[in-house]
1. What does the net charge come to around Ala70 if you take all other residues with beta carbon closer than 14 Å to its beta carbon, with K and R at +1 and D and E at -1?
2. Quick one: net charge around Phe140, please, counting Lys, Arg +1 and Asp, Glu -1 for every other residue with C-beta under 14 Å from its C-beta.
3. In Å², what does the accessible area per residue of the range 123-210 work out to with a 1.4 Å probe?
4. May I ask for the net charge around Asn164, where only other residues with Cβ less than 14 Å from the Cβ of Asn164 are counted and Lys, Arg are +1 while Asp, Glu are -1?
5. Once amide H atoms are placed 1.01 Å from N in the peptide plane, what residues at a sequence separation of 5 or more from Phe140, or on another chain, have their amide H within under 5 Å of its amide H?
6. Which whole-Hz ³J(HN,Hα) couplings does the range 149-154 yield from phi under the Karplus relation 6.51 cos²θ - 1.76 cosθ + 1.60, θ = phi - 60°, glycine and proline marked x?
7. Taking loop as defined by DSSP and a crowding limit of 10 other beta carbons within 10 Å, which trypsin sites (Lys or Arg not before Pro) in the range 130-162 fit?
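The values are calculated or read from the model by the stated rules, or taken from the named source; none is laboratory data. Remember, predicted model here, so these are calculated numbers, not experimental data. Please note: Cβ atoms are built from the backbone with ideal geometry, for glycine as well, and neighbour counts cover all protein chains shown. With ligands, DNA and RNA removed, areas are computed over all heavy atoms of the protein, side chains included. Shrake-Rupley method; radii C 1.70, N 1.55, O 1.52, S 1.80 Å.
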Amino acid sequence: MPLKKQKKKIYKTTKRKNNKKIVPSYIMMTLFVFVFIFLGTLYFLSQEVSEVHIPQEETLNEEQFIVQIADYSKVLQEKYGVLPSISIAQAILESDWGNSELSVKNNNYYGIKGSNSEPTATMTTKEYVDGEWIEIKADFRKYATWQESMEDHSELFIKGTTWNENQYEKVLTATDYKKAAYALQESGYATDPDYPEKLIRLIEQYNLNQYD
């Protein structure tokens with residue numbers, strides 16, 4: 001009997017020793033998993049924060065804006081015959097150097113109106129009617145890029161309007177920017193009575209006729 005009891009004691013002691021080895025290992029494993037999950041979560045969140053950022057709009061100064069569209073205006077001149085000085089001056093005047101809401105959000109540099117068959121944005125604009133300025137709501141074309149806006153502007157002079165395909169013929173046949181500016185007003189491009197003078201002033205102030 002004493003021998004059996006001794007063996008039992010030895011067994012119990014061994015079991016307790018084994019338990020002491022297992023418990024710390026289990027705790028360490030649990031801590032490791034917890035830390036791994038915690039660090040993994042932090043990494044995932046940091047990646048999300050770095051990817052979700054507020055886009056900053058790049059604002060061009062006057063010289064940069066002219067340089068940006070000058071080369072393309074010469075390409076369009078070869079294709080459609082519109083004087084680059086007129087294209088650039090109109091873009092400056094109509095888009096406020098590319099800073100207007102219409103140009104920033106919809107790449108529309110010329111205030112070109114849209115129809116139901118085209119992507120449009122409804123915005124408030126000013127029109128000169130019966131000797132005074134009034135505000136109206138109008139649908140304006142949306143463009144994917146500013147280049148698309150410039151090309152549509154040049155195509156307008158070639159295609160004219162639905163009621164008069166030759167409406168802007170005098171703009172295309174004008175031999176200099178002054179004649180073209182006044183031809184725009186005569187053709188009904190803008191309601192502003194000072195529109196030609198504003199274009200001419202811009203062209204001469206920034207020497208835009210160097211691109212013609």
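1. -4
2. Values: positive: Lys105, Lys113, Lys126, Lys137, Arg141, Lys142; negative: Glu94, Glu101, Glu118, Glu127, Asp139, Glu148, Asp152.
Around Phe140, the surrounding residues sum to -1.
3. Here the per-residue accessible area is 59 Å².
4. Details: positive: Lys159, Lys170; negative: Glu165, Glu169, Glu186.
My count for the surroundings of Asn164 gives -1.
5. Those qualifying (amide H under 5 Å, at least 5 residues apart or on another chain) are Gly114, Ala121, Thr122, Met123.
6. Per-residue couplings from phi come out as 5, 5, 5, 4, 4, 5 Hz.
7. Details: sites: Lys137, Arg141, Lys142, Lys159; in loops: Lys142.
Within the range 130-162, no trypsin sites (Lys or Arg not before Pro) qualify (loop, at most 10 other Cβ atoms within 10 Å).
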